[in-house]
Amino acid sequence: MSAAPVSSPHLHAGTSVAALMREVLAALAPGLLLSCWLFGPRLLLHLAVASLTALACEALALRLRGLPLRPALTDGSALVTAWLLALCISPLADWWLSAAGAAFAILVVKHCYGGLGRNLFNPAMAGYVFVLLCFPVRLSLWPAAPGLDTVSGATPLGYVQSGLAGMATLEELRAAPVFGAVGGRGWEWLAPAWLAGGCWLLARRLIDWRIPAAMLLALFCVAALFYLYDDQRHASPWFHLASGGALLGAFFVATDPATSATTAWGRVLYGAGIGLLAWSVRRFGGFPDGVAFAVLIMNAAVPLIDRITRPRVLGTSA
């Protein structure tokens, strides 16, 4: 008589999708409120447009697929996607860009792959990259931080990237008023807000520390190496951490359980890959901030990462 196949037990995580999404929205709230103060209340317009569009597209996709509406519309996943998307889009951009990005994120990236938990790519980052590639000029200008005379301009990352391309040195660039103590003025104030929200999620054990730690450490280390090599052509590691979407991406995007690696070492490789790619795009790419591109590239690599880091069962070749 053959032995029965061995099967691992399935333990409940102790929380629901809706509860998890509520915690994520709460952790995003401090950074969202600070962003509204820094960049103006027009951010709330993009937030509202993205949220309504995401919910409407979620309902449309569910109806077309013959699935019940209430569970998915109330689990908060569409709102998390909308909030992350709205935080990436410049408040100066046209409102319909948020609508286009949210529609693409929900209809194409999420439901064309089968819905929540089956999507290969992070919907919010895919929606943002979609509108960024289609309308790069409309997303290039951001409101100036409080205390600056100008009304709008490039982000600090964009200012550095274009300045270095024009053969300026970092010493010359740092004299501009858009810079603060370690990063862009205003942007560096957002970093502690995202860090606080991320620490809350870590304390609640809702995300795995390996992904943000590996991403931020990789970003810091590669930036530090090039900064030590030539501090006039490469920004400091602190500048990279305190500017753009590094901390937001590390704690709220890269840790998406549906699109990130599942093994312990896989999460380390996944996070480190995002950090290295984000720095590469920032320094040598055509876009100021590479976090969204890095996340999507590593999303595509997750099946391979999980395969090569999956624990081997003794006596098998799998």
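The values are calculated or read from the model by the stated rules, or taken from the named source; none is laboratory data. Treat the numbers as computed from the prediction; the structure is a model and nothing was measured. FYI the Cβ positions are ideal-geometry reconstructions off the backbone, even for glycines, and counts take in every protein chain you see. Only protein heavy atoms, including side chains, enter the accessible area calculation; ligands, DNA and RNA are left aside. Shrake-Rupley method; radii C 1.70, N 1.55, O 1.52, S 1.80 Å.
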Next item on the list: With springs only between Cα atoms under 10 Å apart, run a GNM on the chain and tell me which of Leu45, Leu64, Leu28 wobbles the most.
Entry: Leu64
Margin query: Leaving ligands and nucleic acids out of the surface, order Leu34, Leu276, Leu217 by accessible area at 1.4 Å, largest first.
Written below: Leu217, Leu276, Leu34
Next item on the list: Using a Gaussian network model of the chain whose springs link C-alpha atoms within less than 10 Å, name the residue from Gly286, Gly184, Gly76 with the highest mean-square fluctuation.
Entry: Gly286
Checklist line | Candidates Ser16, Ser236, Ser51, ranked by Gaussian network fluctuation over the chain, Cα under 10 Å, top entry | finding: Ser16
Item checked: Summed residue charge, Cβ within 15 Å of Phe121's Cβ, Lys/Arg positive, Asp/Glu negative -> +1
Checklist line | Ellipticity estimate at 222 nm from DSSP helix runs (n ≥ 4, -39,500 (n - 2.57)) divided over the chain, nearest 500 | finding: -18500 deg cm²/dmol
Notebook entry, point to check: Which value results when the Cα radius of gyration for the stretch 182-282 is divided by 2.2 N^0.38 Å?
Noted result: 1.06
Item checked: Accessible area of the chain belonging to carbon and sulfur atoms, whole % at 1.4 Å probe -> 68
Checklist line | Fraction of alpha-carbon pairs over 32 Å apart in the chain - percent | finding: 28
Notebook entry, point to check: Taking N as the number of residues in the stretch 43-125, what value does Rg over Cα atoms divided by 2.2 N^0.38 Å take?
Noted result: 1.01
